[in-house]
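Reviewing the structure listed below.
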Amino acid sequence: MPATITVHVAGDERSVGEGTTAGALFEGDRSIVVARVGGELVDLAHVLADGDSVEPVAIDSPDGLNVLRHSAAHVLAQAVQQVDPSAKLGIGPPIRDGFYYDFDVEVPFTPDDLKVLEKTMQRIINEGQTFSRRVTTDDAARAELHDEPYKIELIGLKGGDVAEAAEGADAEVGGGELTIYDNHRKDGELAWRDLCRGPHLPDTKLIGNAFKVTRSAAAYWRGSEKNPQLQRIYGTAWPSKDELKAYLDRLAEAEKRDHRKLGIELDLYSFPDELGSGLVVFHPRGGIIKREMEDYVRQRHVEEGFQYVGTPHISKEGLFYTSGHLPYYAESMFPPMEMEGASYRLKAMSCPMHNLIYRSRGRSYRELPLRLFEFGGVYRNEKSGVVHGLTRVRGMTQDDSHSYVTKAQAPAEIQHLLDFCLGLFRDFGMADYYLELSTRDDSKPEKFVGSDEDWAEATAVLAEVATASGLELVADPGGAAYYGPKISVQARDAIGRTWQMSTIQYDFVQPAGFQLEYQASDGSRQQPVMIHSAKFGSIERFIGVLVEHYAGAFPVWLSPVQVLGVPVAEEYDAYVLSVLEQLVRKGVRVELDASDDRFPKKIRNASKAKVPYVLIAGEDDRAAGAVSFRYRDGSQRNGIPVEEAIAEIVAAIEAKAQVTTSPA
Ligand SMILES: [Zn+2]
Ligand SMILES: [Zn+2]
């Protein structure tokens, strides 16, 4: 009798023969592509041991999708080396909605190359090549992969070093054993192999035809410009053609909404080369949006008890040592400038300067909470490779606020700030959000300042407020700043993407560094807690998100031009102008299209400019003392008495309404 072992399959106990693989338990179900054994993801070929608990992992689960995409990355790499045997392999992890693989090649890939690669991938997939795992040693792997310098660099890196080595490198090595995966064709011939920790699909056929090579871009090896530049190919893979199509549609929609493109089309802002990477100039129309946002948030801060202050863009470096930004935040700051024997730095945040305002005189408990706020022009040394339009810039305007409170006041102040943020999101029409709680990474104490007790207390206070809000709460372990944990509001935009927006941070480190004090009611000297909050975060970034959220069709109050007057013919110019003048007196932003274009062309231009109200008038309107409105969706309302028309526009601005169609 063959020996049997006992395993637990999705909770049920089963007796199976010795040598049984995880895959044998789910035989016949092609949707199961890997398994979880004792918490670890493994290949279906993994041989089970007595007492193992086994969970099936389906291709459409998050883990299953990662394995599908990562396996597709292997197929891509095999295709690249079929087409160009001299290509050297970097790494190829799964990413959100897809995968990439990095290659060292002589010449960057062209769009035609990508098409050829997609065809080659399909051929490999159709061959039904198996993936099989082989344990090796460092030395044997070095000998076998002597032609792959980047892979060899990864060998020997284990554990935490791997994640540091390169984003995604832990997909290659970093498990307990060093392993190579072989691809065999049906006839047993070895087609390809790659250093990888796995797991993978049992065979390439499971990738099917719902995949696509999407684009290529340059990427430095291990993310550092000191290293060679590789070519990264991105792709996507899905369990079905329908899902692939839905994804590509989402991608096309995102492209249409790209704020870099819309910013040019709508004449909002630009990124002149002369300024340098990640630096923006706002044109008059973009300036209107920026000013509306600033007016709004300044007013709201005053209503919420903040006092408006002002501080410079640069400071002597010592200030940032006192705050701890140096050395903890040094990588994100611009390098020092030498002047009159002192080193100066551009500020990356305003807190150290607000601390100086706090410290400028003695403070009593009666003054707390003391709330300071400004528009801080701050500068962050983002790598040129990650700079992206307005959403990742090097120079930005932060609505930088700091609340100084007693420890006992901290929970109520955090609640107050959270309500403030959520109200702001509702006013900007982004009412779909969740919270993230970023905490310390206990395994890297060197990256965080302060005692365990302080961290525990601060984290507990934030967690309590976040939980009590009843909003969806996601943990972000390790995401805290060096000086304390934070809550952030993650907003979902119109097409379901999430953006980190407002942040609320609890800080006990800077008050200690600056020796901030207040006199308590018993006369003793106490240290306040400082709560950093940014509502928009960066105004530039928020504008970028709004442009994409609204696809450029802003709510009336934010629209650079709120009403565009289009007379049916030139003889009605004066009449339309007289109506527009009445609107201007109500504070409405108007323009008259007095160009030589014919009427239909003017209407097309207005629609492209995404103006909420196109105000039209011809003979009937003039005779009746009325106007007609054309809305963004092309619907029209005719013969509206002028008084009523003005009232409708003014009410829509006040209500921060999004107007796209006729209300009637
Ligand atoms: Zn792999
Ligand atoms: Zn701050």
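Since every read-out is calculated from the coordinates, none of them should be taken as a lab result. Bear in mind that the values here come from a model prediction, so they are computed numbers and not experimental data. All Cβ positions, even for glycine, are placed from backbone atoms using ideal geometry, and neighbour counts span all protein chains on display.
In whole Hz, what ³J(HN,Hα) sequence does the range 315-322 give by Karplus (6.51, -1.76, 1.60; θ = phi - 60°), x for Gly and Pro?
7, 4, 4, x, 4, 7, 6, 4
Does the range 4-58 classify as rounded, prolate or oblate by the C-alpha gyration tensor (a ≥ b ≥ c root eigenvalues; a/c under 1.5 gives rounded; else a/b over b/c gives prolate, otherwise oblate)?
prolate
Using the beta-carbon distance between Leu577 and Ala463 and R0 = 56 Å, what value does 1/(1 + (r/R0)^6) give for FRET efficiency, to the nearest 0.05?
E(calc), rounded to 0.05, equals 0.45.
What is the distance, in nm, between label points placed 7 Å from the Cα along the Cα-to-Cβ direction at Glu517 and at Glu643?
Modelled inter-label distance: 6.7 nm.
Taking amide hydrogens as modeled 1.01 Å from N in the peptide plane, which residues meet the under 5 Å criterion relative to Arg193, leaving out close sequence neighbours?
Asn183
State, as an integer percentage, the relative contact order of the chain based on alpha-carbon contacts under 8 Å between residues 6 or more apart.
This gives 9 percent for the chain.
If each of Ser315 and Thr4 carries a label point 7 Å out from its Cα toward its Cβ, how far apart are those two points in nm?
Placing both labels 7 Å beyond Cα along the Cβ direction yields 7.3 nm.
Using 1/(1 + (r/R0)^6) with R0 = 60 angstrom and r between the beta carbons of Val584 and Ala49, what's the FRET efficiency to the nearest 0.05?
With R0 = 60 Å, the Cβ-Cβ based efficiency is 0.15.
Can you give me the long-range amide H partners of Phe306? Hydrogens built in the peptide plane at 1.01 Å from N, cutoff under 5 Å, separation of 5 or more residues or another chain.
Long-range HN contacts for Phe306: none found.
Counting other beta carbons within 10 Å of each Cβ, put Lys226, Lys151, Lys88 in order, fewest first.
Lys226, Lys88, Lys151
For Arg366 and Arg291, what does the FRET efficiency come to when R0 = 51 Å and r is the distance between their Cβ atoms, rounded to the nearest 0.05?
My answer for the efficiency is 0.90.
Order the peptides 618-626, 470-478, 74-82 from the highest to the lowest mean number of other Cβ atoms within 10 Å of their residues.
The peptides rank, most packed first, as 74-82, 618-626, 470-478.
Starting from 0.36 nm per residue, how many nanometres of slack lie between Ala623 and Lys447 once their C-alpha separation is accounted for?
Gain on stretching Ala623 to Lys447: 56.0 nm.
Would you mind computing, in nm to one decimal, how far apart the modelled labels at Glu654 and Lys115 are, each placed 7 Å from Cα along Cα→Cβ?
Roughly 5.9 nm, to one decimal.
Could you please report the charge total around Gly450, scoring K, R as +1 and D, E as -1 over all other residues with beta-carbon less than 12 angstrom from its beta-carbon?
Counting the neighbours of Gly450, the net charge comes to -3.
Remind me, relative contact order of the range 556-654 in percent, using alpha carbon pairs under 8 angstrom and six or more residues apart?
Dividing the mean separation by the residue count of the range 556-654 yields 30 percent.
According to the square roots a ≥ b ≥ c of the eigenvalues of the Cα gyration tensor, what is the shape class of the chain, taking rounded for a/c under 1.5, prolate for a/b larger than b/c otherwise, and oblate for the remainder?
Oblate shape, in that a/c is at least 1.5 and b/c is the bigger or equal ratio.
Apply the a/c threshold of 1.5 to the C-alpha gyration tensor of the range 284-549 and tell me whether it is rounded, prolate or oblate.
Judged from the Cα gyration tensor, the range 284-549 comes out rounded (a/c under 1.5).
Provide the packing ranking of 343-356, 211-224, i.e. peptides ordered by the mean count of other C-beta atoms within 10 Å per residue, highest first.
Averaged packing, sorted descending, gives the order 343-356, 211-224.
Arrange the following residues from fewest to most other Cβ atoms within 10 Å of their Cβ: Glu570, Glu118.
Glu570, Glu118
In whole Hz and in residue order, list the ³J(HN,Hα) couplings for the range 435-440 that follow from phi through the Karplus curve 6.51 cos²θ - 1.76 cosθ + 1.60, θ = phi - 60°; x for Gly and Pro.
10, 10, 10, 9, 10, 6
Got a sec to turn the phi values of the range 97-109 into Karplus ³J(HN,Hα) couplings, 6.51 cos²θ - 1.76 cosθ + 1.60 with θ = phi - 60°, whole Hz, x for Gly and Pro?
Karplus-based 3J(HN,Hα) across the range 97-109 equals 6, x, 7, 9, 9, 9, 9, 9, 10, 5, 10, x, 6 Hz.
Would you mind checking which residues have amide H under 5 Å from Gln129's amide H? H placed 1.01 Å from N; only 5 or more apart, or other chain.
Answer set, sorted by chain and number: Thr204, Lys205.
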